[in-house]
1. How long are the semi-axes of the equivalent ellipsoid of the range 103-243, defined as square roots of 5 times the Cα gyration tensor eigenvalues? Whole Å, largest first.
2. If contacts are Cα pairs under 8 angstrom and at least 6 residues apart, what is the relative contact order of the range 8-192 in percent?
3. Work out, step by step, the length gained on full extension between Arg169 and His78: first 0.36 nm times the residue separation, then minus their alpha carbon distance; give nm to one decimal.
4. When the chain is treated as a GNM, springs tying every alpha-carbon pair under 10 Å, which of Pro146, Pro206, Pro172 comes out with the largest mean-square fluctuation?
5. Could you tell me the convex hull volume per residue, in Å³, taken over the Cα atoms of the chain?
6. Quick one, what does Rg over Rh come out to for the range 11-134 if you take C-alpha atoms and the Kirkwood Rh?
7. Treat the count of other C-beta atoms within 10 Å as a stand-in for reagent exposure and order Val27, Val3 from fewest to most.
8. For a quick check: sort Tyr118, Tyr240 by the number of other beta carbons within 10 angstrom, fewest at the front.
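Rule-based calculations on the coordinates, nothing more; no lab input. Note that the structure is predicted; figures quoted are calculated from it, not measured. So basically every Cβ, Gly included, is an ideal-geometry build from the backbone, and we count neighbours across all protein chains shown.
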Amino acid sequence: MTVKVIVKEDYHEMSCAAAHFIESKIVEKPGAVLGLATGGTPLATYEELVKGYKEGKVSYRQACTLNLDEYVGLEEDHPQSYHYFMREKLFDHIDIDASNTHLPNGNAENIDHECQRYEGLIDEIGPPDLQVLGIGINGHIGFNEPGTSFDSTTHVVTLTESTRKANARFFPTAEDVPKHSITMGIRSILKSKQIILLASGEDKAPAIQRLLEGEIDEEFPASALKNHPDVTLIVDESAYQGV
Ligand code: GLP
């Protein structure tokens, strides 16, 4: 399948385009299930969503969300947990019902059971009508690192040094970055009806080039998206410069 591509001038324009995509989905289907991502890339998208909500453009009262991933071992109130991130950046500022927002529980006593529970939830309330994704510099999506099976469902991963280093900017020291996380698998992500992949900045340019020009290969997790019928890449010019 061909990945549709929207190239925007800069990060701000890319974020506005992504927010517009999400808002249109909610307008079309107020009870839509949104698959959401964390990381630096969607931050301004979430700001635009909050702005749009405050301007009365959309209501999230009937919407549900399912996040991609969570670190293992951080409390929900830990400032670097993805639970905290989502509340602080989005959920606390819109009219979504907190009980309709879902993330994996990285503190579950039995992590394997938690993975099964979360995959069950994706099937039960999902799959997402629209999944938002970022991409790691090594092509990871969610926390699916290179080599992850395209058949994978929600599972625990040991983070690579490159991912821990990339995420160290959010933590007091590099050592504080957790070593494990729970993530939707590649197969879980591909269950979504529609996917938007966001990328900004020159650091992401090699990954975007490989995604668009390279082979479908488990060594490059994002390439699995080419097996999905409805993926739109929303990218800024600096992340698109290698193509
Ligand atoms: C993180 C997240 C991913 C995210 C990616 C890119 O490790 N688990 O969901 O898409 O890395 O992050 P960023 O947007 O900060 O570049």
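1. 24, 20, 13
2. Reported relative contact order: 24 percent.
3. Here the segment from Arg169 to His78 would lengthen by 31.2 nm.
4. Looking only at Pro146, Pro206, Pro172, the biggest GNM fluctuation is shown by Pro172.
5. Considering the Cα atoms of the chain, their hull volume per residue is 112 Å³.
6. Reported Rg/Rh (Cα atoms, Kirkwood Rh): 0.96.
7. In increasing order of surrounding Cβ atoms, one gets Val27, Val3.
8. Tyr240, Tyr118
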